[in-house]
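The next block holds one structure in the form of structure tokens; read it before the comments.
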Amino acid sequence: MFFVCKYRKKLLVSRQISDDIKQFSYEICQRHSVIIRYMETDKDHIYSMIETEPTMSISKIINLMKSYTTYHIWKRYPQYLRKQFWKEHTFWTDGYFACSV
């Protein structure tokens with residue numbers, strides 16, 4: 001899976017934000033029996049390799065990860081994110097890329 005910060009903003013340059021995003025992703029995946037085999041961030045995107053049962057769709061997993069991480073990252077860094085997005089309460093773009101192996 002691969003998804004990108006809104007407007008390609010380089011928000012994941014900060015080690016603290018990057019680590020928090022990873023931690024929140026692990027939390028939500030653990031709750032839904034999704035195993036993250038590999039996860040890494042770059043300046044403006046995150047990519048991961050996950051393992052899951054075929055009972056849950058990829059779009060559902062990505063929706064859970066994006067919404068959970070957005071909610072918690074806004075809770076932790078509201079001042080910083082307000083400067084980036086003004087009135088828009090967002091973090092990720094609408095799209096994603098996923099493939100199976």
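Screening Tyr71, Tyr96, Tyr77 for residues that are modelled with pLDDT of 95 or more, in contact with a helix residue (DSSP H, G or I) (Cβ under 7 Å, 6 or more places away or on another chain) and within 18 Å of Gln23 (Cα to Cα) leaves exactly one candidate, Tyr77. Note on the range 1-55: enclosed strands (runs of 3 or more DSSP E) holding 1 or more residues that are more than 14 Å from Trp92 (Cβ to Cβ) and of a type in the set (Asp, Glu) are 35-41, 45-51. Of all the residues in the range 1-56, those that are surrounded by fewer than 18 Cβ atoms within 10 Å (Cβ to Cβ), within 17 Å of Trp74 (Cα to Cα) and among the polar types (S, T, N, Q) number 4.
Scanning the range 3-26 turns up no residue that is more than 26 Å from Trp86 (Cα to Cα) and at pLDDT below 95.
The values are calculated or read from the model by the stated rules, or taken from the named source; none is laboratory data. Keep in mind that what you see is a predicted model, and the values were worked out from it rather than measured. All Cβ positions, glycine included, derive from the backbone under ideal geometry; neighbour counts span all protein chains shown.
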